[in-house]
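Encoded as structure tokens, the structure appears first; notes follow it.
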Amino acid sequence: MFVRVRVCVPVSVSPLIQIHAADYDRTSPDNSTQLEAQLLFSPSSATSSPWSQIRPVSGTSNHPTPSPPLWVSPPTTLSDATSYIYSTDLSHKIFANVRPDAFHLVGHPFGKKLFGEHNLIYMFGQEHKDLRRRIAPNFTPKALQTYTNIQQRIIIKHLESWCNTAKGKSIPLRILCRNMNLETSQTVFVGPYLNEEARKRFNVDYNFFNVGLMKLPIDLPGFAFRNARLAVERLVDTLAGCAAESEKRMKSGEEPTCLIDFWMQDNLRELSEKPYEYSCKEIGGHLFDFLFAAQDASTSSLLWAVAYLDSHAHVLEKVREEVAKYWVPEDGSIITGEKLREMKYTEAVAREVVRIRAPATMVPHIAGVDFPLTENYVIPKGTIVFPSVFDSSFQGFTEPEAFDPDRFTEERQEDRVYKKNFLAFGAGAHQCVGQRYAINHLMLFIAMFATLVNFKRDRMDGCDEISYVPTIVPKDDCTVFLSQRCTQFPSLQ
């Protein structure tokens, strides 16, 4: 007996790594424990078959037959092989072994050229632990409340602008969400240290970076990759200047108003106890890491939140009912951190959006040594390895194809039972340090969008298919009709 299995790998993962889904035969499920040995194949055994079936936002699932734990491609121009890890347990093994003598997190095949050698994701050991410890005060409840106040004001400002722009016609939300997130990130991270002119230059340079991220790494004048690399240098210099200004302000004893203030305040405290070396240029580089992590991933989640709320009216209604218990827009008050924490169902919706549409579907690593992944298979040194964040979300969970926020409620507790399968924020030493901030941002957007705006998708064939930009977004850029739902948009005090 033979079973036809389709390997679920996006058709295009990066500019030079083309991974195509492949159909092949393996022995019956009775021998599934020997999968690793059976999954090695040569070019002649693979039939090109693009991943054409995408999990739908609504309706009956058309997800292909579940993938096997591991797929190893023929040699590529980038490395000896490319391995795609489907199994959650094996993906955890990759994440848990990011160190010089095992796997190196790369994030992007040419990330070191773009982000620099000293980027947070390329750090190991004690240096990495020390940096994460110094970053931690940026995400305390006090700091998160400061950010929440900023996030709400910016979200409301943009929602009002979107409704004024729509005026009865449908509009795509992707670029609008991206612009909103860019303003949010700038204001939360470096607050008053970017003037209007600097913000405009910042936006232009960030666009250069975004375009170059998806292009061939040709580092010559006139090419998008060169423009992106130079833009990153300018962005880091700008953020370093913000760090220097913040340091002066925190030395004078003023209260923090943004993330860099909390960071510099704690740096100064630590320096008074035990001197250590740091530079504003180094911190500027890490701020850029935060910006990149917050920007595109957050945009992806906001778009899918709108898509799923539109196709699941009962979920939208429950969100609106819950938010109304804690926030009345006409009062002109903000949603405090305490009130946000009480919105359990809205948080469940946010987490389900992230689960079912993990923004970054895979996180590339490179094997620094020959690594024994299983008893039957050793990943050769130099192999590009893709632990799956996306496919792990469809393992373990009850009816994983369904959009079901109730799975994250106290009654069902699937977030605890299947915790290992929720890899949207990574795992191990490099797990996302800002995940609470990210969930708060998504919750605030869902709460305010649902409360302040009436909306309906302008549906067309294939609108829910996945596009890679480089995070995943609806193919139609989430095109919607919008109108004001509230009597007036609140002016928050």
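Being crowded, with 17+ Cβ neighbours inside 10 Å, of a type in the set (A, V, I, L, M) and under 19 Å from the mean Cα position of the chain (by Cα), is that true of even one residue in segment 128-138?
yes
Among the numbered criteria (1) assigned to a helix (DSSP H, G or I); (2) of a type in the set (Gly, Ala, Ser); (3) over 25 Å from residue 262 (Cβ atoms); (4) touching a residue at least 60 places away in the same chain (Cβ under 8 Å), which single criterion is violated by residue 185?
(3)
Tell me the residue from 486, 463 that is over 26 Å from residue 214 (Cβ atoms), more than 20 Å from the chain's Cα centre (by Cα) and open to solvent by less than 30 Å² (accessible area, probe 1.4 Å), please.
On inspection, the qualifying residue turns out to be 486.
Restricting segment 397-418 to residues that are modelled with pLDDT of 95 or more and closer than 27 Å to residue 103 by Cβ, which is most open to solvent (accessible area, probe 1.4 Å)?
That would be 418.
Within the set of pairs 6+ apart or on separate chains, which have a first residue in segment 475-492 that is under 21 Å from residue 304 (Cβ atoms), a second that is outside any loop (DSSP other than H, G, I, E, B) and of a type in the set (Asp, Glu), and C-beta atoms under 9 Å apart?
So the pair list comes out as 478/310; 480/310.
Quick one: in segment 419-446, of everything that is of a type in the set (S, T, N, Q) and within 24 Å of residue 365 (Cα to Cα), which residue is surrounded by the most Cβ atoms within 10 Å (Cβ to Cβ)?
Per the criteria, the residue is 421.
Where residues in segment 341-355 are buried (at least 22 other Cβ atoms within 10 Å of the Cβ) and not acidic (Asp, Glu), which of them is farthest from residue 148 (Cα to Cα)?
355
In segment 451-467, what count of residues is obtained for those that are of a type in the set (S, T, N, Q) and either modelled with pLDDT of 95 or more or in contact with a Phe, Trp or Tyr (Cβ under 7 Å, 6 or more places away or on another chain) (or both)?
Of the residues in segment 451-467, 2 are of a type in the set (S, T, N, Q) and either modelled with pLDDT of 95 or more or in contact with a Phe, Trp or Tyr (Cβ under 7 Å, 6 or more places away or on another chain) (or both).
How do the pairs read when you match residues in segment 136-164 that are without any contact (Cβ under 8 Å) to a residue 40 or more places away in the chain and within 15 Å of residue 177 (Cα to Cα) with residues anywhere that are open to solvent by 10 Å² or more (accessible area, probe 1.4 Å) and assigned to a helix (DSSP H, G or I), using Cβ under 9 Å and keeping only pairs 6 or more apart or on different chains?
Close Cβ pairs satisfying both conditions: 154/183; 154/187; 157/183; 158/176; 158/179; 158/183; 161/176.
Testing residue 96 on (1) aliphatic (A, V, I, L, M); (2) under 21 Å from the mean Cα position of the chain (by Cα); (3) open to solvent by less than 50 Å² (accessible area, probe 1.4 Å), one condition comes back false. Which one is that?
For residue 96, the exception is condition (3).
The values are calculated or read from the model by the stated rules, or taken from the named source; none is laboratory data. Being a predicted model, the structure only gives us computed values, none of them experimental. Neighbour counts run over all protein chains shown; Cβ positions are idealised from the backbone, glycine included. Remember, those area values only see protein heavy atoms, side chains included, never the ligands or the DNA or RNA. Shrake-Rupley method; radii C 1.70, N 1.55, O 1.52, S 1.80 Å.
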